[in-house]
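Q: Take this structure first; my questions come after.
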Amino acid sequence: MTSETPCLTLPVRPHPFEGEATVGFLMRVARNNGYDTLRQLGKTFGNFDGLCQALGLTTEERQIQFGPYPSFWGPSVFSNGLMTADFNHSQLRWCPLCFQESAHLRGPWLLKISCVCNRHGNWLQERCPDCGSVQYLEKVNFDQCGCGTSLAEARAASPVADSVFRLSQAVEASIDGNPALPGFPSLSLPEWLKLISYLGQFTETCQPLKPGKIANMHQLDTASALMSQTGYLLDSWPKNFHALLVAIQCQTESGGKTKTRIRDTFGTLYHVLYTDLSAPCFQFLRDEFEHYLHERWSGVVNKRHRSFKPETLARHPRVTLKQAAKKAGVAPSTVRHFVRAEVIAGNQIELPSGRKLRSVDEQSLKQIAVLAKGCVTLGEAAKQLALPKGRVRELISEGILKPLVSRQLCNAATWSIPMQQVQGLFFAGTEASYLPPTISVGHILKHWHLRDGEFINLIRAILECQIQPVGNPTEPVPLGNIQLDEQQTQQWRVEIRYASGASISVDEAAHRLGLKQQVAYDLVKQGLLATTNDDLPGRRVPQASLEDFKATYVSLAEYAGSLKRAPRWLLQTLSVRPVTGPTIDGSRQYFFRRSDLHSELSSNGAGLIASSSLTESEQKPYDAM
Ligand SMILES: [Zn+2]
Ligand SMILES: [Zn+2]
């Protein structure tokens, strides 16, 4: 083989520069010795070792070179963890200013990620400043374009942003194994490449769908974009990184439903942080991400997030309702109801399964405990008020008692009624010079057969001081136990019933007609005052029947009074016979049908009838006589 031929020598034997690209050194060797292409050199020397021997390079001189061999010598092996894929193998990048100082290829320029000259602080070039053609690594005179223009021309070299320059310097420091620059994590070169290629894809407006695949990494534009964005994100750490997280979270949330899962919200970035960049050296990213969640994530961070640091889980301020209940020392349902009733601010997130997950801020725990402590159940409220539970329910449905958590509204298992509300239904007595016969609300409820709504009316009358409790003015008693003036309360009941159009008792009808009770009973017996049997005890007089009676009949006494005549005289004078009375049917009082009196008036013209209230009745005369 040619490589083993000892006679092979090279007339010009250059020495490599510190950090020179291996392939660049080989180009110089080829050019200096009259080869046109690297491949020709490769044909002459079967491998790198053979060439180094021919050049008489020391071990150190072989080691100061950087980057892969030309591909025709087979795959390169890197001791520093880099891979062949990290390098550009065909396209060339350079710094014109560096070329002006020395026309050799700097090793780092070959890295796909390199785009900055750390010596001059400008962007590397990949195109001829004159003709614009991309430069390839195929020519041995690598510092000159095919058009003849020197690539050392500095026309196009533009300075880079400070954040990119500093990042680039941090990356270069890692090449030499120098300690990390201040403000930057301590990463090896392969770790830097990984970080930049992944993190650099995330901007506040755009996130990659498949961050593992980067197209066109060999192009300067791609590398520059990744470096710029990574430089920005690491700059003023972690301010810009947080801004990125805010932007991503807002984008997700504005896109529709609030995502319950952190990984859904942060999408590929989450995957990158916890999978692609899962190595411990990238923990600083996760620390900041979790720190961000601590401040900004309104959902729950729980044990399901196994990849999170334990501290993050422990510190997160949002807890599930169950956790909140446990911490506040109340039943989970209580917390749930507080959240439903919006007494406590909760956050609800819907899982993809449709299940709803609620969480509360840890700071609400104290409030929950206080609220729960200050509330009683319906049963307890009933006990304290000395009322049956059904009556307490009535008070709630009428809005007199306002529960914090309503069973009706929240479908809760128990009511939560604030103690204050219950105490509002304790009443002190009013001072009285005499003590009337009293009756308790409890007794009324038990024995008075109150109708629908009457209990509430009674409580309203008490609350509005229409009826005032009797008793000790300094000792409030619960609603069920308060004592009321019996007579006043009864009168109140009669009035509200009458006002509501309800039927009245015969006694009450007598009272309203200004008759003795026995007279009213006689009228009922004679069928003149119609009664009904409703669901109330005794014969009942509907209000309509009372009105009918008044319109149809008039007592002798009233008629005589209206004419200012003596009743006895009138009875003897009138040709009209009463419909009922002592001489008619043995009842106690005479009553005339108004229509009879009316016809008497029209037939004899007697000015007997002064009342205009006499009305026609279509009824047939009760008595034909
Ligand atoms: Zn330079
Ligand atoms: Zn050119």
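Q: Can we say Ala247 is over 15 Å from Leu273 (Cα atoms), at pLDDT 90 or above and aliphatic (A, V, I, L, M)?
A: On the way: over 15 Å from Leu273 (Cα atoms): yes; at pLDDT 90 or above: no; aliphatic (A, V, I, L, M): yes.
When the stated conditions are applied, Ala247 does not pass them.
Q: Considering every residue within the range 182-202, establish whether at least one is of a type outside the set (A, V, I, L, M), within 16 Å of ligand 2 (Cβ to nearest atom), buried (at least 20 other Cβ atoms within 10 Å of the Cβ) and not assigned by TED's automatic domain parsing to the domain that holds Tyr270.
A: No, the range 182-202 has no match at all.
Q: All but one of (1) out of contact with any helix residue (DSSP H, G or I) (no Cβ under 9 Å at 6 or more places or on another chain); (2) in contact (Cβ under 8 Å) with a residue 24 or more places away in the chain; (3) within 16 Å of ligand 2 (Cβ to nearest atom) hold for Pro129, so report the exception by its number.
A: Only one criterion is unmet by Pro129, namely (1).
Q: Enumerate the helices (runs of 4 or more DSSP H) found wholly within the range 11-70, keeping only those where 2 or more residues are more than 23 Å from Ser90 (Cβ to Cβ) and acidic (Asp, Glu).
A: On the way: elements: 22-32, 38-44, 48-55, 59-63.
Result: 59-63.
Q: Kindly provide the set of residues from the range 537-557 that are assigned to a helix (DSSP H, G or I) and within 20 Å of Ile504 (Cβ to Cβ), ordered by number.
A: Answer for the range 537-557, where residues must be assigned to a helix (DSSP H, G or I) and within 20 Å of Ile504 (Cβ to Cβ): Gln543, Ala544, Ser545, Leu546, Glu547, Asp548, Phe549, Lys550, Ala551, Thr552.
Q: Can you confirm whether the range 197-216 contains a residue that is of a type outside the set (Phe, Trp, Tyr) and in contact with a strand residue (DSSP E or B) (Cβ under 9 Å, 6 or more places away or on another chain)?
A: Looking for residues that are of a type outside the set (Phe, Trp, Tyr) and in contact with a strand residue (DSSP E or B) (Cβ under 9 Å, 6 or more places away or on another chain), one finds none in the range 197-216, hence no.
Q: Okay, moving on. In the range 483-503, how many residues are surrounded by fewer than 16 Cβ atoms within 10 Å (Cβ to Cβ) and either under 18 Å from Phe426 (Cβ atoms) or of a type in the set (Gly, Ala, Ser) (or both)?
A: Here the count works out to 3.
Q: Then there is this: Enumerate the pairs (first residue in the range 162-173 and modelled with pLDDT of 90 or more and crowded, with 20+ Cβ neighbours inside 10 Å; second residue anywhere and assigned to a helix (DSSP H, G or I) and of a type in the set (Val, Ile, Thr)) with beta-carbon separation below 9 Å, excluding pairs fewer than 6 apart on the same chain, so at least 6 apart or on different chains.
A: Val164/Thr230; Leu167/Ile196; Leu167/Thr230; Val171/Ile196
Q: Checking the condition out of contact with any Gly (no Cβ under 6 Å at 6 or more places or on another chain) and at pLDDT below 70, which residue from Ala381, Ala341, Ala324 passes?
A: Values: Ala381 fails: at pLDDT below 70; Ala324 fails: at pLDDT below 70.
Answer to the check: Ala341.
Q: Go through the residues of the range 131-144 one by one and say whether even a single one is at positive phi and within 16 Å of ligand 1 (Cβ to nearest atom).
A: No: zero hits.
Q: Which condition does Gly121 not pass, out of (1) within 16 Å of ligand 1 (Cβ to nearest atom); (2) within 20 Å of Met27 (Cα to Cα), if it passes all the others?
A: (2)
Q: Every residue in the range 570-600 that is of a type in the set (S, T, N, Q) and either in a helix (DSSP H, G or I) or within 18 Å of Ala520 (Cα to Cα) (or both), please.
A: Scanning the range 570-600 gives Gln572, Thr573, Thr580, Thr583, Ser587, Gln589, Ser595, Ser599.
Q: Are any residues in the range 87-110 free of Cβ contacts under 8 Å to residues at least 40 places away in the same chain and either away from ligand 1 (no atom under 14 Å from the Cβ) or in a loop (DSSP other than H, G, I, E, B) (or both), and if so, which ones?
A: Result: Phe87, single match.
Q: Considering every residue within the range 111-120, establish whether at least one is in contact with a Pro (Cβ under 8 Å, 6 or more places away or on another chain), part of a loop (DSSP other than H, G, I, E, B) and near ligand 2 (Cβ under 10 Å from one of its atoms).
A: There is no residue in the range 111-120 that is in contact with a Pro (Cβ under 8 Å, 6 or more places away or on another chain), part of a loop (DSSP other than H, G, I, E, B) and near ligand 2 (Cβ under 10 Å from one of its atoms).
Okay, residues lined up against (1) in contact (Cβ under 8 Å) with a residue 24 or more places away in the chain; (2) under 30 Å from His449 (Cα atoms):
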| site | (1), (2) |
| --- | --- |
| Ala502 | yes, yes |
| Ala510 | no, yes |
| Gly514 | no, yes |
| Val541 | yes, yes |
| Ser545 | no, yes |
| Val554 | yes, no |
| Pro582 | no, no |
| Phe592 | yes, no |
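Q: Please indicate, with yes or no, whether at least one residue in the range 409-417 is at pLDDT 65 or above, aliphatic (A, V, I, L, M) and in contact with a helix residue (DSSP H, G or I) (Cβ under 7 Å, 6 or more places away or on another chain).
A: Yes, because at least one residue in the range 409-417 is at pLDDT 65 or above, aliphatic (A, V, I, L, M) and in contact with a helix residue (DSSP H, G or I) (Cβ under 7 Å, 6 or more places away or on another chain).
Q: With respect to Phe142, determine if the residue is part of a helix (DSSP H, G or I) and within 16 Å of ligand 2 (Cβ to nearest atom).
A: The answer is no for Phe142.
Q: So, of the residues in the range 425-482 that are modelled with pLDDT under 85 and hydroxyl-bearing (Ser, Thr, Tyr), which turns out to be surrounded by the most Cβ atoms within 10 Å (Cβ to Cβ)?
A: Taking the candidates together, the pick is Thr430.
Q: Return the pairs, sorted by first residue and then second, in which the second residue is crowded, with 19+ Cβ neighbours inside 10 Å and not in a helix (DSSP H, G or I), the first residue lies in the range 29-45 and is free of Cβ contacts under 8 Å to residues at least 24 places away in the same chain, the beta carbons are less than 6 Å apart, and the residues are 6+ apart or on different chains.
A: Once the first residue is free of Cβ contacts under 8 Å to residues at least 24 places away in the same chain and sits in the range 29-45, its partners that are crowded, with 19+ Cβ neighbours inside 10 Å and not in a helix (DSSP H, G or I) give Asn33/Leu10; Leu41/Tyr35.
Q: Identify the residue in the range 498-535 that is of a type outside the set (S, T, N, Q), touching a strand residue (DSSP E or B) at 6+ places or on another chain (Cβ under 8 Å) and modelled with pLDDT under 85 and, among all such residues, is nearest to Ala557 (Cα to Cα).
A: Ile504
Q: Among the residues of the range 145-160 satisfying the criterion of being away from ligand 2 (no atom under 16 Å from the Cβ) and in a loop (DSSP other than H, G, I, E, B), which is surrounded by the most Cβ atoms within 10 Å (Cβ to Cβ)? If you could, list the steps in order and put the result at the bottom.
A: Taking the range 145-160 first, the residues away from ligand 2 (no atom under 16 Å from the Cβ) are 158-160.
Those left that are additionally in a loop (DSSP other than H, G, I, E, B): 158, 160.
Numbers: Ser158: 9, Val160: 23.
Only one residue tops the list, namely Val160.
Q: Provide a single number: the residues in the range 494-521 that are more than 50 Å from the chain's Cα centre (by Cα) and within 18 Å of Ile462 (Cβ to Cβ). Quick ask: steps written out before the conclusion?
A: First, the residues of the range 494-521 that are more than 50 Å from the chain's Cα centre (by Cα): 494-495, 498, 501-521.
With within 18 Å of Ile462 (Cβ to Cβ) added as a condition, the list becomes 494-495.
Adding up the residues that qualify gives 2.
Q: Another question, if that's okay. Do any helices (runs of 4 or more DSSP H) entirely within the range 161-246 hold 2 or more residues that are among the hydrophobic types (A, V, I, L, M, F, W, C) and under 37 Å from the mean Cα position of the chain (by Cα), and if so, which?
A: Details: elements: 162-175, 189-199, 220-234.
Correct list: 189-199, 220-234.
The values are calculated or read from the model by the stated rules, or taken from the named source; none is laboratory data. Predicted, not measured: the structure shown is a model, and the values here were computed from it. Heads up, the Cβs are rebuilt from the backbone with ideal geometry, glycines too, and the neighbour counts pull from every protein chain shown.
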